[in-house]
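Trainee: Attaching a single structure in structure tokens format; questions to follow.
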Amino acid sequence: MDLIGAMLPFIVIMGLMYVLMIRPQQKKAKETQNMLNSLKKGDSIVTIGGLHGVVDEIIEPDNTVVIDCEGIYLTFERRAVARIVTIADTVSAPQVEELGTNTPDDSADDE
């Protein structure tokens with residue numbers, strides 16, 4: 001009985017560590033792998049170095065991706081892609097159109 005009582009806190013701590021640390025890390029790794037597997041030509045991406053570009057070609061045997069950055073073609077390993085940029089990412093805030101301002105002198109010319 002004393003052995004079970006002594007081992008119980010250790011078992012509880014290991015269980016909590018799994019639930020709070022290891023499981024979320026495994027979930028994030030799985031999501032990242034799914035994102036990398038879903039890459040296709042024409043996707044806008046950001047690399048882990050912060051480089052923005054468009055996927056031009058995916059080379060499966062080498063597990064690399066060719067990125068077009070404003071006419072410059074760069075080859076990266078597929079795991080260097082940090083995220084796929086979606087339309088929602090590019091429009092982060094409502095864009096305000098610039099309105100022309102009328103001065104009082106301009107409106108007085110109509111009389």
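The values are calculated or read from the model by the stated rules, or taken from the named source; none is laboratory data. Everything quoted here is computed from the prediction, not taken from an experiment. As a convention, Cβ positions derive from the backbone with ideal geometry for all residues, glycine included, and neighbour counts pool all protein chains shown.
Trainee: Can we say ILE67 is free of Cβ contacts under 8 Å to residues at least 40 places away in the same chain, surrounded by 15 or more Cβ atoms within 10 Å (Cβ to Cβ) and outside the structural domain of LYS30 (by TED's automatic domain parsing)?
Mentor: Spelling it out, ILE67 is indeed free of Cβ contacts under 8 Å to residues at least 40 places away in the same chain, surrounded by 15 or more Cβ atoms within 10 Å (Cβ to Cβ) and outside the structural domain of LYS30 (by TED's automatic domain parsing).
Trainee: In segment 33-65, which residues are part of a strand (DSSP E or B), under 17 Å from VAL85 (Cβ atoms) and not acidic (Asp, Glu)?
Mentor: SER44, ILE45, VAL46, THR47, HIS52, GLY53, VAL54, VAL55, ILE58, VAL65
Trainee: How many of the residues in segment 1-59 are surrounded by 11 or more Cβ atoms within 10 Å (Cβ to Cβ) and either touching a His at 6+ places or on another chain (Cβ under 7 Å) or of a type in the set (Ser, Thr, Tyr) (or both)?
Mentor: 5
Trainee: Using beta carbons and a limit of 9 Å, which pairs, at least six apart or on different chains, have the first residue in segment 12-24 and in a helix (DSSP H, G or I) and the second one surrounded by fewer than 10 Cβ atoms within 10 Å (Cβ to Cβ)?
Mentor: Final answer for the pair search is none.
Trainee: Name, by its number, the condition in (1) in contact with a Cys (Cβ under 7 Å, 6 or more places away or on another chain); (2) exposed (fewer than 10 other Cβ atoms within 10 Å of the Cβ) that does not hold for ILE72.
Mentor: Unmet condition: (1).
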